[in-house]
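Input: a single structure, listed below in structure tokens.
The values are calculated or read from the model by the stated rules, or taken from the named source; none is laboratory data. Treat the numbers as computed from the prediction; the structure is a model and nothing was measured. All Cβ positions, glycine included, derive from the backbone under ideal geometry; neighbour counts span all protein chains shown.
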Amino acid sequence: MTAPQPGLSAEYAVAMRESMLQGLAREVEITKRVLAAVPDGQRDCRPDPKARSAWELAWHLVSCDVQMTDEITDQKFQMEPRFKEEPKNVRELVDWYDKNFNRAHESCPRHDSRQLTTPVDFLAFNFPAVFYLSFINNHSIHHRGQLAVYLRPMGSKVPSISGGSADEPWPG
């Protein structure tokens, strides 16, 4: 593990938590729209033999986002997947993500600043717990982008993500 990073002020940690949680709440809504665009009949689609199927990618995205958010609260990361029972279809997947991410999201604000500034080991990192909220954000956006690339070849439309798309242009 790397050496613990210099301490953060309590005020900075709380402000970062609030900013990141607000941003994550907005990103989750966009991610749910991308997930909902995956056609159930095309969920086994994979653009390359080395790529995950659309379903594998979607489940990885949602289950890891929830697990990592829970693990920030627990202040302990585990590589073993926490959620073993996958939803049966895309609608259930979106509902599962909505319910479980919101639950995990709500637990983060209960941290006091001491918990937020406590260094936590994760892979080769040892950062204050609050820093891992940015990992979740980046992880989610990364895999959402991968999944969005699958949509048109599967016969679906790409929703507006960080701006309009050819299928859902921004008004104006």
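Looking at region 26-52 only, could you name the residues that are within 19 Å of W96 (Cα to Cα) and not in a helix (DSSP H, G or I)?
Result: A37, V38, P39, R43.
Can you confirm whether W59 is aromatic (F, W, Y), outside any loop (DSSP other than H, G, I, E, B) and under 28 Å from F125 (Cα atoms)? Quick ask: steps written out before the conclusion?
Numbers: aromatic (F, W, Y): yes; outside any loop (DSSP other than H, G, I, E, B): yes; under 28 Å from F125 (Cα atoms): yes.
In short, yes.
Determine, yes or no, whether A129 is small (G, A, S), closer than 16 Å to A13 by Cα and touching a residue at least 24 places away in the same chain (Cβ under 8 Å). Can you show your working first?
Values: small (G, A, S): yes; closer than 16 Å to A13 by Cα: yes; touching a residue at least 24 places away in the same chain (Cβ under 8 Å): yes.
So A129 passes the test.
Any idea which residue in region 110-146 is surrounded by the fewest Cβ atoms within 10 Å (Cβ to Cβ), counting only those that are out of contact with any helix residue (DSSP H, G or I) (no Cβ under 7 Å at 6 or more places or on another chain) and in a helix (DSSP H, G or I)?
My answer is R110.
Do you know which residues across region 27-65 are of a type in the set (D, E, K, R), under 16 Å from N89 (Cβ atoms) and in contact with a Phe, Trp or Tyr (Cβ under 8 Å, 6 or more places away or on another chain)? Can you show your working first?
The initial filter retains those residues of region 27-65 that are of a type in the set (D, E, K, R), namely 27, 29, 32-33, 40, 43-44, 46, 48, 50, 52, 56, 65.
Now restrict to residues that are under 16 Å from N89 (Cβ atoms): 32, 40, 43-44, 56.
Answer for region 27-65, where residues must be of a type in the set (D, E, K, R), under 16 Å from N89 (Cβ atoms) and in contact with a Phe, Trp or Tyr (Cβ under 8 Å, 6 or more places away or on another chain): K32, R43, D44.
Suppose the filter is assigned to a helix (DSSP H, G or I), touching a residue at least 60 places away in the same chain (Cβ under 8 Å) and in contact with a strand residue (DSSP E or B) (Cβ under 8 Å, 6 or more places away or on another chain); does A13 pass it? Working first, answer last.
Working: assigned to a helix (DSSP H, G or I): yes; touching a residue at least 60 places away in the same chain (Cβ under 8 Å): yes; in contact with a strand residue (DSSP E or B) (Cβ under 8 Å, 6 or more places away or on another chain): yes.
Yes; evaluated as a whole, the condition is true for this residue.
Let's see how each residue does on (1) surrounded by 16 or more Cβ atoms within 10 Å (Cβ to Cβ); (2) within 21 Å of S165 (Cα to Cα):
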{"position": "R26", "(1), (2)": "no, yes"}
{"position": "T31", "(1), (2)": "yes, yes"}
{"position": "L35", "(1), (2)": "yes, yes"}
{"position": "D40", "(1), (2)": "no, no"}
{"position": "E56", "(1), (2)": "no, no"}
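Any residue at all in region 81-90 that's surrounded by 18 or more Cβ atoms within 10 Å (Cβ to Cβ) and modelled with pLDDT of 95 or more? It would help to see each step written out before you state the result.
From region 81-90, those surrounded by 18 or more Cβ atoms within 10 Å (Cβ to Cβ) are 87, 90; that's our starting set.
Pick out the ones that are also modelled with pLDDT of 95 or more and you get 87, 90.
Scanning region 81-90, I find at least one residue that is surrounded by 18 or more Cβ atoms within 10 Å (Cβ to Cβ) and modelled with pLDDT of 95 or more, so the answer is yes.
How many residues does region 63-95 contain that are assigned to a helix (DSSP H, G or I) and either farther than 22 Å from G155 by Cβ or in contact with a strand residue (DSSP E or B) (Cβ under 7 Å, 6 or more places away or on another chain) (or both)? Don't jump to the end; show me each part of the working.
Initially, region 63-95 is screened for residues assigned to a helix (DSSP H, G or I), giving 63-74, 90-95.
Right, trim to either farther than 22 Å from G155 by Cβ or in contact with a strand residue (DSSP E or B) (Cβ under 7 Å, 6 or more places away or on another chain) (or both) and you get 63-74, 95.
The total comes to 13.
Is it true that A58 is touching a His at 6+ places or on another chain (Cβ under 7 Å) and among the small types (G, A, S)? Walk me through how you get there before you give the answer.
On the way: touching a His at 6+ places or on another chain (Cβ under 7 Å): no; among the small types (G, A, S): yes.
When the stated conditions are applied, A58 does not pass them.
On the given criteria, is Q22 surrounded by fewer than 13 Cβ atoms within 10 Å (Cβ to Cβ), assigned to a loop (DSSP other than H, G, I, E, B) and either free of Cβ contacts under 8 Å to residues at least 12 places away in the same chain or of a type in the set (F, W, Y) (or both)? Step through it out loud before you land on a result.
Numbers: surrounded by fewer than 13 Cβ atoms within 10 Å (Cβ to Cβ): yes; assigned to a loop (DSSP other than H, G, I, E, B): no; either free of Cβ contacts under 8 Å to residues at least 12 places away in the same chain or of a type in the set (F, W, Y) (or both): yes.
Answer is no for this residue.
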